[in-house]
1. Can you work out the PRE-style zone for Arg157? Point 7 Å along Cα to Cβ, and I want the residues of region 288-319 with backbone N under 18 Å.
2. Quote the FRET efficiency, to the nearest 0.05, computed for Ala358 versus Asn304 with a Förster distance R0 of 51 Å and r equal to the Cβ-Cβ distance.
3. Run the numbers for Ile271 and Leu372: contour at 0.36 nm per residue of separation, minus the present Cα-Cα distance, in nm.
4. What's the magnitude of the charge dipole for region 33-188 around its Cα centre, counting Lys and Arg as +1 and Asp and Glu as -1 at the beta-carbon? Answer in Debye, nearest 20.
5. Using a Förster distance of 41 Å, how high is the FRET efficiency between Leu139 and Leu215, based on the Cβ-Cβ distance and rounded to 0.05?
6. For labels at Arg51 and Thr448 in the simple 7 Å Cα→Cβ model, what's the distance in nm?
7. Can you give the extra length, in nm with one decimal, that the chain gains between Lys257 and Arg380 once fully stretched, where that is 0.36 nm per residue apart less the Cα-Cα distance?
8. Please give the charge dipole size of region 44-494, origin at the Cα centre, charges +1 on K and R Cβ atoms and -1 on D and E Cβ atoms. Round to the nearest 20 debye.
Amino acid sequence: MGEESEYQTPLLELDSHSRIRDLSSVTIEEFLEHGPVAVRWWPRLVAWESRLLWILSGSSIIVSVATFMLSFVTQMFSGHLGALELAGASIANVGIQGLAYGIMLGMASAVQTVCGQAYGAKKYSSMGIICQRAIILHLGAAFLLTFLYWFSGPVLRAIGQTESIAEQGEIFARGLIPQLYAFALSCPMQRFLQAQNIVNPLAYMSVAVFLLHILLSWIVVYVLEYGLLGAALTLSFSWWLFVIINALYIVLSPSCKETWTGLSTSAFTGIWPYFKLTVSSAVMLCLEIWYSQGLVLISGLLPNPTISLDSISICMNYLNWDMQFMLGLSAATSVRIGNELGAGHPKVAKFSVIVVNATSIVISIIFSAIVLSFRVGLSRLFTSDTAVIDAVSNLTPLLAISVFLNGIQPILSGVAIGSGWQAIVAYVNLATYYVIGLPIGCVLGFKTSLGVVGIWSGMITGVFLQTVTLIMLTVRTNWNAEVEKAAERLNVSANDEISGLVDTI
């Protein structure tokens, strides 16, 4: 009883919201190590963790949603040019841009893992080098992907898209080539700032660029009548504006003076070991992102591809909006887990996992209910075509199920990124998505009369199995062992960043 009283005084301060901030991870770690926590302490502990999570994730969600809304708005304007233009923009957005975005975002998760743990261990000087090394690799990937963008027309025809849709897709994709290089700079820089809990400035930047993008899109598409190419180039311009503002903040802000010490030739050393971690990170997220994108591509092979593509791409836009919200929460989760593992707090890391997953389940239920409530009006922002509107309405129940599952799954992936499990999750994604879910969807879609509904049902099966597997992996985790692994990564990262890093995962 005497030992427990040692921990009661700081935790009683949770009764006053203004004192929650006075508690530290060290205090909570000591309390959790003390033994089984009495039920009366859980609300106070949850309040402490939730405060940290939402301070970090609130701005991360704004950044994630605002940057996604750049493409969302562009597709809205493209849709009102005509059904064919919407189909072309959709297929380029999914088949070409989605491929590149998956690679860039996946590669950047390596920055999230190592910088998050380095920040938790107070090894600040290595973070800028890690970011620069990531940018080098991202620019190399962007150069290779440029050929895919330029020759997107033949690629789209090769995978079975009609001539008219492929032609419109090629026009849109070529206008997005500048955006590809903006991705290469933005993804590492965002993760670099998020690992330091610098998220509010990112939120202000992204919202400002988003609001400007709406105005520019209206001027270019409707006033100047530059059509689909103009819409794509406007999107590229907005992304470059975001990158420039990000770069100026990193270089000039006092908040980054310890982590960004200028350009260094050290960024070119140890490229290969870092590349191996980057590949496992990219594969993990690409297998997730491309899975939903594949639904759109496969739908284009069904009879009446314009209606199929339009209806499924509208649903995917809403699903991706939900995904961006959850990816913002996932990014915060990665930072929280990475920081606590780097600081040597396994109990707090585990507790953070519990709180964030409970939060994501509640949010997913709410979002699914909203989708079902507005099933008729979901498509009207994109089109006035009655056939497309009816098709979207019929797909809404599947959209609601996907919203629920995809609200939970990114959080579990965020735990994996923060812990450095990218290689393991890549195998899980490959098995559940592409060995099980995708074949089932193709059989139901093409061998029965279900069509798009069958394809989507099979893919939902894959997401469900992947979610269950990640839950089992998370539950069975030895968090003390994860702290030791984090320490090993940081020891090899301190001077020769990331050298031999993959061997510790």
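Just so it is clear, none of the values below were taken in a lab; they were calculated from the coordinates. Keep in mind that what you see is a predicted model, and the values were worked out from it rather than measured. Cβ placement follows ideal geometry from the backbone for every residue including glycine, while neighbour counts extend to all protein chains displayed.
1. Answer for this model: 301.
2. Numbers: r = 43 Å, r/R0 = 0.84.
E between Ala358 and Asn304, to the nearest 0.05, is 0.75.
3. Working: separation 101, 0.36 × 101 = 36.36 nm, distance 4.80 nm.
31.6 nm is the gain from fully extending Ile271 to Leu372.
4. On the way: 8 positive and 6 negative charges, 148 e Å.
Result for region 33-188 is approximately 720 debye, rounded to the nearest 20.
5. Numbers: r = 30 Å, r/R0 = 0.73.
Taking R0 as 41 Å, the efficiency between Leu139 and Leu215 is 0.85.
6. Label at Arg51, label at Thr448, 5.1 nm between them.
7. On the way: separation 123, 0.36 × 123 = 44.28 nm, distance 4.77 nm.
Here the answer is 39.5 nm.
8. Numbers: 19 positive and 16 negative charges, 250 e Å.
Its charge dipole is roughly 1200 debye.
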